[in-house]
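S.K.: My questions all concern the structure below.
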Amino acid sequence: MASITHSIEAHAERLLDRLTDELRDGPVDFSSLVSEELPMRSIGEWLQLPPSDYPLLLALAHDQVFTQELLPSASQLALSDTATVQLEFYFRALVQERRKFPGDDPVSKWLRTWDELEADREAVDETVYLLALLVFLAAPETTATLLSSMVWLLSEHPRQLGWLRVHEECIPDAVEEVLRYDSPNHIISRIAPDDLTIGGTRIEKDRMVHLMVGVANHDPAHFVDPEVFDVRRKASHLSFSGGIHYCLGAPLARLEASTLLSALLRRLPGLQVAAPPVYAPRVGFRRIVELRVVGT
Ligand code: HEM
């Protein structure tokens, strides 16, 4: 994180330069101009992907995610299948390229690490391809939703926004409360390895169980006044899951959100949300497709 903090700050500043320019001509969509761009640039730069590929990769990530929805339609699954084939081609080619021209990027480093552990090169390439694909797919949408939700929820609570301006040290707590209040990911699924009883409910071996993250994050047995948005709450939530699958990218998502919020408070004190966000019709992965903002 320390090595990419500076470049995330630089990306946030550049995106706010563009936002400030465009706001002079009237309302603009914060979601497409900033929220979608910052995570794509952050993960793209970290993996050292060519910036000219970002628009295609973002579009493929949006289509691919339908596979992870609770009840995808046949046409959504078809979109997802097509995107998966293109992403597979892209990330397999990336692994081959990094084999030929290794550098100091994560994919080259993963190859070096796995080569020391496993003699079968094909198996190593397969593992690193899957890891690169997973890390990429997990990053842009989830974080974009966090960034737009953060701007929306704080605009809905102007007194808390004002309080944050004089308590910038509490920005990380505000990010956690946004994550708790409206998690970007609402479903975490597991398959029971054995017959189990959880919280008094019997679950048979091989049954799939969905943890509804939004409900858990608003559990009155765990949170005082769970429906109240409170940036001073020290929220412990399940938005990044728990246990061995705890989100690998949580520090990056937190860093992007804190960096952006701090830059917004400093540079755009008059920014206001002009209309409620427009959400994609999904259950598992929230996505804000539009968030109109005005002011500077
Ligand atoms: C606000 C943004 C994000 C949210 C809400 C989020 C949420 C989650 C959740 C809920 C899981 C666990 C799924 C499970 O338990 O089955 C997860 C896993 C994961 N996330 Fe994130 N994520 C975010 C950002 C990121 C970013 C930026 C990256 C990449 C840099 C990333 C990479 C991963 C990976 C690789 C896993 C799989 C970990 C494993 O299975 O061991 N995530 N994420």
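S.K.: For the chain, set up a Gaussian network in which alpha carbons nearer than 10 Å are linked by springs, and say which option among Ser149, Ser42, Ser236 fluctuates the most.
M.R.: Per the Cα network of the chain with a 10 Å cutoff, Ser236 tops the list.
S.K.: What residues have an amide H closer than 5 Å to that of Ile187, excluding those fewer than 5 places away on the same chain, when H is modeled at 1.01 Å from N in the peptide plane?
M.R.: HN-HN under 5 Å from Ile187: Val213.
S.K.: P(r) tail for the chain, what percent of Cα pairs lie past 28 Å?
M.R.: 43
S.K.: Excluding residues on the same chain fewer than 8 positions from Lys205, give the aspartates and glutamates whose Cα lies under 19 Å from its Cα.
M.R.: Counting by Cα, and skipping residues close in sequence, Lys205 has these aspartates and glutamates nearby: Asp194, Asp195.
S.K.: Also, I was wondering about something else. Please say if region 86-241 is rounded, prolate or oblate, where rounded means a/c under 1.5 for a ≥ b ≥ c the square roots of the C-alpha gyration tensor eigenvalues, and otherwise the choice is prolate for a/b larger than b/c and oblate otherwise?
M.R.: Because a/c hits 1.5 or more and a/b fails to exceed b/c, region 86-241 counts as oblate.
S.K.: How large is the convex hull of the C-alpha atoms of region 100-149 per residue, in Å³?
M.R.: 84
S.K.: While we're on this one: Mind checking which of Met208, Met150, Met40 has the largest fluctuation in a GNM of the chain, springs on alpha carbons under 10 Å?
M.R.: Comparing Met208, Met150, Met40 in a Gaussian network model of the chain, the most mobile one is Met208.
S.K.: While we're here: Given +1 on the Cβ of Lys and Arg, -1 on the Cβ of Asp and Glu, and no further charges, what dipole in debye does region 54-106 carry about its Cα centre, rounded to the nearest 20?
M.R.: 220
S.K.: Straight distance only, please: which lysines reach the Cα of Lys109 with their own Cα at less than 17 Å, same-chain residues fewer than 8 apart left out?
M.R.: By straight Cα distance, Lys109 reaches Lys100.
S.K.: Once a ≥ b ≥ c are taken as the square roots of the eigenvalues of the Cα gyration tensor of region 1-152, is the result rounded (a/c under 1.5), prolate (a/b larger than b/c) or oblate (a/b not larger than b/c)?
M.R.: Note, shape of region 1-152 comes out oblate.
S.K.: Follow-up question, since we're still on this one. For the chain, what is the calculated [θ] at 222 nm in deg cm²/dmol (nearest 500), taking -39500 (n - 2.57) for each run of four or more DSSP H residues and dividing by its residue count?
M.R.: -17500 deg cm²/dmol
S.K.: Which longest run of the chain has no exposed loop site in it, a site being GluC sites (Glu not before Pro) in a DSSP loop with at most 14 other beta carbons within 10 Å, and the site itself not part of the run?
M.R.: The longest such stretch corresponds to 1-117.
S.K.: Between region 11-53 and region 153-221, what's the alpha-carbon centroid distance in Å?
M.R.: One Cα centre to the other: 27 Å.
S.K.: From the P(r) of region 153-241, can you give the percent of Cα pairs sitting at distances over 18 Å?
M.R.: Result for the distance tail: 53 percent.
S.K.: On to the next question. Take Thr296, Thr5 and order them by how many other Cβ atoms sit within 10 Å, fewest up front.
M.R.: The most exposed by this proxy come first: Thr5, Thr296.
Computed from the coordinates by the stated procedures, all read-outs in this text should not be read as laboratory data. As the structure is a prediction and not an experimental result, all values here were calculated from the model. Cβ: placed from backbone, ideal geometry, glycine included. Neighbour counts: every protein chain shown.
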